[in-house]
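Asks: Mind looking over this structure? Questions follow.
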Amino acid sequence: MLRVQDLDKWFGATHAVRDVSFDALPASVLGLVGENGAGKSTVIKMLAGVVTPDSGQMLLDGAALRVASPREALARGVDSVFQELALIDNLTVAENLLLLDAPQRPWRSIRRRAARQAATEILSRYELEIRSDDRVGDLPLGRRQMLEIVRAVHRDPRVLLLDEATSALGEGEVRWLVRLVQRLRAQGKIVLFISHRWEEITTFCDRVAVMRNGALVHIAEAAALPQEQAVELMTGHGLGDAYPSRAAPRRETLLSVEGLRSAVLRGVSFSLAAGEVLGLGGLVGQGQSELMRALFAAHRLDGGRIVLRGQAMRPHRPDQAIAAGIAYVPQERKAEGLFLDKSIGFNMTYALLDRLPAPAGLIRRGHERGIVADAIARLRIRTAGPGAPVRSLSGGNQQKVLLQKWLLTRPALLLLDDVTRGVDIGTKQEIYAIIREAAAAGTGIILYSTDTTELVGLADTVLVLVEGSIRRQLHGAEVTAAAIVDAAIGREAEGAPG
Amino acid sequence: MRLVEAIRRSEATGPTAMFLVLLAVVIALKGGRYSLFDAQNLAANVLPLALVGLGQYFVILVRGIDLSLGPVMSVSSCLAAVLFPYGAVPAIAAAIAGGVAAGIGNGLLVAWLDLSPVIVTLATMSVWQGVSLVVLATPGGTIPAGLQMALTAATVVVPVPILLLIATALFGAWVMSTRLGLHLRAIGGDAGAAEASGVRVRRQRFAAYALAGTLAALGGLYSAIATSAGSPIIGDSYILPSIAAVVLGGVPLIGGRGSPVGVVMGALTLNIIGSLLYFANLSDFYQSLINGVILIAVVAAAALRSWVWRAVPA
């Protein structure tokens, strides 16, 4: 049994974890839920040896668990998979899997062929269809996450910590993980599971611990905790209507796209009205990101036509796309779009500096501060102040800063590439409201999400992509989770034309 | 087919081809006459650079840089020249120990104290330049003629310097085939991910610097023996070439990739370019100028290539 007693942690002036105690039982999966910044990840990181607790203790099978590094945690049988992947992109799958224990010859050279074979065996044992000599950096995000899970499970840990480990997985890949976790449970392992998708919590977990503001507020059998109650416990207020009501899109066509072709896209055509939210659905990696990146000139096109506001355009660089009124919020926000060590204010306004009134070339600080303070209040960004570095924010709040940076430029077309990945429910709702508000103001929005319910809740029209082309187009009332999933996995919805 | 595939995929293929092409040019300029003696001379000339370049390679692999390796060569060269009168064993031991100590110093400062490698090794570069001058103020000292003969000779079938050069490349290849090599590539790729995966990042990064100091010492020692004199400034002319050889060997300065055999080929290429200067009737003074231009050209070419890749994604 894993016992956590009176765990407490401060980060500067933030009380990240307050006096948390719980037991995680063998042969059982404990879910940790809570808003971003509620302290779930900090608890997991203390168990994983990444963060040291200020006070309190952790006990594994009765013995104190004091771990100062991930390596020490591994040695004690505590293995973890985080949302920020710990795989090394420039190494192969086999090298990543056997990084610490590759088979050696007597003179300590690694037996490469044996290592490759061992890796292939591990991959097939866990039904992961990738080649052992693929470079990890070349794999799609979902496969990388699966590989990391396999690496952790293969080390045969006593405790497995899955922190947002499903955030990049498609529906089929999540089912794969469900089977895997069931197997671990049958083997008597202790599993801790963090996810922001409630269906996953009910699918994976036996018990659920709810955290709010660093404290553990409730722990219960998963079956005995309905979603509404969990959300209330997490946020302190009710679920209400998760998705904001929508205004009818306008008539005027904002964007029309004909026959876009690239290495990934195979002739994609559609049009988008001003104020319309267009959802992109389908399994992970069917060209959704590439389609958006192509519009933003970050993915090379081989052919096709893009007409924005009646003007044919062919941007070659992102800055030209930005000048044409296109904004793109990427999936991997830490890699693209934010300066983590710079202040919130700087991050929000640097894309905007050209447009602020600037007599004699000098920007009026007061004016800039006003914009930032207003945005922080309106978006409910939880921070010490506009001068705090973006790094100090939780993931969801970072995402809000990034979104705001682009909204301040008043784009005609906003491209959102799975922006709520790994964001908690409360923050998600705030982001939904921001999206709808932008649409109401006439911005055309293209939204890709791995979460089908999000497409259903937000999109006016959904395009389901399969292998780089549009499999189905769903409008208005046709947009249902069942129709999207059916189209994505190759079946046509009932009554649809063959 | 398997061999063809291995050659196609090897990171050493490009640098090797580059060296062979330039070698062919030199042979052509010499009217087709290229003897084993010429090869022996080439190997003897390039060996110090190959050794220090290999050391630099391990450091660059983990996204570091070591500007002090040249002066570390000087220290070893001077220690050897001063101590040979007291016997070969203390002289060689002291020369190598000097390099190990220098490497350990850099490793402690960079890996354990997290100081910037450029600043740390810029400072230790100056320190070792000073130490060399204290040990031996002017080039000279005594190196036993027998040892010089033995290590530069054309004994048996293959001349000794060629054997030593091959041994250097093999040593590099061996290190990279071990878990240490794998970890160095992992750290260069993503130190944070490597740490989270259980790699002892500090220890392995420390090992890279220690190894670099040791290899630089061997380079300084060989250069003292081959020229039968120690010199307090010999290493200064290796500071930039050690980096140029790594880059010419196909290793990106952001680390994580590249082959040790490629680095030896890079050292050979740099040396061959030196002999092309001779055929072009240019004075040796141009070598330093050319080294600088080559380094910029190669780094710029690499940047251009990644720029093209980014513009044309797969």
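Quick note: the coordinates plus some simple rules give every number you see, no bench work behind them. Note that the coordinates shown come from a computational prediction; the quantities given were computed from them, not determined experimentally. Cβ: placed from backbone, ideal geometry, glycine included. Neighbour counts: every protein chain shown.
Asks: Below 8 Å between Cα atoms, with a sequence gap of 6+, how large is the relative contact order for chain A in percent?
Replies: After rounding, I find 16 percent.
Asks: GNM on chain B, C-alpha springs below 10 Å: top fluctuator among B:P252, B:P144, B:P161?
Replies: Of the options given, B:P144 has the highest mean-square fluctuation.
Asks: Classify the protein assembly as shown: rounded, prolate or oblate, from the alpha-carbon gyration tensor (a ≥ b ≥ c, eigenvalue square roots; a/c under 1.5 rounded; otherwise prolate if a/b is larger than b/c)?
Replies: Here the protein assembly as shown falls in the prolate category.
Asks: Where in chain B are the DSSP H helices whose alpha-carbon span along the long axis reaches 20 Å or more and whose Kyte-Doolittle mean is at least -1.0?
Replies: The answer, listed by residue number, is B:13-29, B:36-61, B:69-83, B:88-107, B:117-135, B:160-177, B:201-227, B:260-279, B:286-311.
Asks: Also, quick follow-up: As a footprinting exposure proxy, order B:R2, B:R185 by other Cβ within 10 Å, with the fewest listed first.
Replies: Going from sparsest to densest Cβ surroundings: B:R2, B:R185.
Asks: How shielded is A:95-102 by partner chains, expressed as the average number of their Cβ atoms within 10 Å of its Cβ atoms?
Replies: Across A:95-102, the average partner-chain Cβ count within 10 Å equals 4.
Asks: Take the alpha carbon atoms of region B:1-71, find their center, do the same for region A:169-228, and report the distance between the two centers in whole angstrom.
Replies: Region B:1-71 and region A:169-228 have Cα centres spaced 56 Å from each other.
Asks: Scattering from the C-alpha atoms of region A:112-194 alone, worked out with Debye: what is log10 I(q)/I(0) at q = 0.21 1/Å?
Replies: The Cα Debye sum returns log10 ratios of -1.04.
Asks: Let me ask something else. Over 25 Å between Cα atoms, which of A:K342/A:K405; A:K9/A:K189; A:K40/A:K189 qualify?
Replies: Table pairs above 25 Å Cα-Cα are A:K9/A:K189.
Asks: Check A:S469: other-chain or 5+ apart residues with amide H under 5 Å from its amide H, H built from backbone geometry?
Replies: A:R266
Asks: Can you give me the Cα centroid spacing of region A:19-34 and region A:454-478 in angstrom?
Replies: 37
Asks: Here's another thing I want to ask about it. Could you order peptides A:403-414, B:258-269 by the average number of other Cβ atoms within 10 Å of their residues, highest first?
Replies: B:258-269, A:403-414
Asks: Count neighbours as other Cβ atoms within 10 Å of each site's Cβ, and list the chymotrypsin sites (Phe, Trp or Tyr not before Pro) in region A:77-186 that are DSSP loop with at most 12 such neighbours.
Replies: A:W107
Asks: Fewest Cβ neighbours within 10 Å first, please rank A:M46, B:M18 accordingly.
Replies: Ranking A:M46, B:M18 by Cβ neighbours within 10 Å, fewest first, gives B:M18, A:M46.
Asks: Need one word for chain B: rounded, prolate or oblate. Basis is the Cα gyration tensor (sqrt eigenvalues a ≥ b ≥ c); a/c below 1.5 gives rounded, then a/b vs b/c decides.
Replies: In terms of gyration-tensor shape, oblate.
Asks: Averaged over its residues, how many other protein chain Cβ atoms are within 10 Å of peptide A:104-113's Cβ atoms?
Replies: The per-residue average across the peptide is 3.
Asks: Also, quick follow-up: Which distance in nm do the two modelled labels at B:T142 and A:R391 give, with both placed 7 Å along the Cα-to-Cβ direction?
Replies: With each label placed 7 Å out from Cα toward Cβ, I get 5.8 nm.
Asks: Let's test the formula: R0 of 41 Å, r as the Cβ-Cβ distance of A:W10 and B:L115. What FRET efficiency results, to the nearest 0.05?
Replies: 0.90
Asks: I've got another one for you. Once every DSSP H run of n ≥ 4 in chain A is given -39500 (n - 2.57) and the sum is divided by its residues, what mean residue ellipticity at 222 nm do you get, rounded to the nearest 500 deg cm²/dmol?
Replies: Per the formula, -9500 deg cm²/dmol.
Asks: Still on this structure: Quick one: Cα convex hull volume of region A:253-488, Å³ per residue?
Replies: Given the Cα convex hull of region A:253-488, per-residue volume reads 119 Å³.
Asks: Mind jotting down a quarter of the surface of the convex hull over the alpha carbons of region A:2-235, in square nanometres, one decimal?
Replies: 13.3
Asks: From other protein chains only, count the Cβ atoms within 10 Å of every residue's Cβ in B:177-183, then give the mean.
Replies: 6
Asks: I'd like to compare B:95-102, A:4-11: which one has the highest average count of other Cβ atoms within 10 Å, and what's the full order after that?
Replies: B:95-102, A:4-11
Asks: Further question: At 0.36 nm per residue, minus the direct Cα-Cα distance, what do A:R113 and A:S21 gain on full extension? Give it in nm, one decimal, please.
Replies: Going from the current span to full extension adds 28.4 nm.
Asks: What does the helix-only formula give at 222 nm for chain B: each DSSP H stretch with n ≥ 4 adding -39500 (n - 2.57), the total divided by the residues, and the result rounded to the nearest 500 deg cm²/dmol?
Replies: So the helix-based figure for chain B works out to -24500 deg cm²/dmol.
Asks: Here is a follow-up. So, counting K/R as plus one and D/E as minus one, what does the shell of residues with Cβ under 13 Å around B:Y57 add up to?
Replies: On the way: positive: B:R63, B:R185, B:R257; negative: B:E11, B:D66.
Value of the local net charge: +1.
Asks: Next question, about the same structure. Neighbour counts of other C-beta atoms within 10 Å: give me B:L163, B:L184 arranged from fewest to most.
Replies: Ordered by Cβ neighbours within 10 Å, fewest first: B:L163, B:L184.
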